[in-house]
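Structure record follows, encoded as structure tokens.
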Amino acid sequence: MTDSKPEATAGRRTQRADARRNRERVLAAAREAFAAEGISVPLDDIARRAGVGPGTVYRHFPTKEALFHAAILDNIERMTEAARSLTDADDTGAAFFGFLDRIVAEGGVKRDLAEAIGDRALEFSTPRKKFREELNVLFCRAQRDGAVRDDIDIDDFLRILQGAFTAAHSAGLDAERRRRTFAVVFDGLRSR
């Protein structure tokens, strides 16, 4: 009898690990689908992309809005980790502007990241606060070292970034025009 308990416990751990893997697969498929097709993509298509049944998607995310919100938060958490990894960089200006290039590259195809930067609904969420804190560290270090102009603060910067994303997406710019638009915006952030 005691031998069956460890197996049952191991079985439960396996199920939880499988459930976590399925959730990750669904999130990855959702990020891809939302980036390509927007929020109008059916949940059944996301399940197909993830290689799981529709019931698995609904078990983890009861509505499309819940999945979209989870995909945004997941993306914010990934970007927070990326920002955190740069906080000790020797060249603070290169770290800051390199991170901005990454935001533009990911935000160019994933509108959810661009929307999350200024999303009022996410404003007080813990992942967004952490993202903002890590971005602020990069911003302040680059500012302190003279790479970023000193007459703006993080709020100004986020408004500028959100405005640039809004303009780039609403104008339907192709990748090259979007790159040039952000290059001009980022040049305006540099110290003279």
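Consider Ala83 against the criteria (1) assigned to a helix (DSSP H, G or I); (2) among the small types (Gly, Ala, Ser); (3) modelled with pLDDT under 80: it satisfies all of them except one. Which criterion is unmet?
(3) is the only condition that Ala83 fails.
Any chance you could count how many residues in the stretch 45-72 are touching a Ser or Thr at 6+ places or on another chain (Cβ under 7 Å) and either surrounded by fewer than 15 Cβ atoms within 10 Å (Cβ to Cβ) or within 27 Å of Ala105 (Cβ to Cβ) (or both)?
Residues meeting the conditions: 0.
Among the residues of the stretch 7-18, is there at least one that is touching a Ser or Thr at 6+ places or on another chain (Cβ under 9 Å), assigned to a helix (DSSP H, G or I) and modelled with pLDDT under 90?
Looking for residues that are touching a Ser or Thr at 6+ places or on another chain (Cβ under 9 Å), assigned to a helix (DSSP H, G or I) and modelled with pLDDT under 90, one finds none in the stretch 7-18, hence no.
For the stretch 154-187, how many residues are in a loop (DSSP other than H, G, I, E, B) and surrounded by 13 or more Cβ atoms within 10 Å (Cβ to Cβ)?
The total comes to 1.
For the stretch 29-44, which residues satisfy the criterion of being part of a helix (DSSP H, G or I) and surrounded by 15 or more Cβ atoms within 10 Å (Cβ to Cβ)?
Ala29, Ala30, Arg31, Glu32, Ala33, Phe34, Ala35, Leu43
Just checking, does the stretch 113-131 include any residue being modelled with pLDDT of 90 or more and surrounded by fewer than 15 Cβ atoms within 10 Å (Cβ to Cβ)?
Looking for residues that are modelled with pLDDT of 90 or more and surrounded by fewer than 15 Cβ atoms within 10 Å (Cβ to Cβ), one finds none in the stretch 113-131, hence no.
Those residues that are out of contact with any Leu (no Cβ under 9 Å at 6 or more places or on another chain) and not in a helix (DSSP H, G or I), I need them from the stretch 86-98; list them, please.
Those that are out of contact with any Leu (no Cβ under 9 Å at 6 or more places or on another chain) and not in a helix (DSSP H, G or I): Asp88, Asp90, Asp91.
If we keep just the residues of the stretch 52-91 that are touching a helix residue (DSSP H, G or I) at 6+ places or on another chain (Cβ under 6 Å) and of a type in the set (Asp, Glu), which is nearest to Arg31 (Cα to Cα)?
Restricting to residues being touching a helix residue (DSSP H, G or I) at 6+ places or on another chain (Cβ under 6 Å) and of a type in the set (Asp, Glu), the top hit is Asp74.
The values are calculated or read from the model by the stated rules, or taken from the named source; none is laboratory data. Keep in mind the model is a prediction, meaning the values are calculated, not measured. Because the Cβ atoms are built from the backbone with ideal geometry, glycine has one as well, and the counts that use them run over all protein chains shown.
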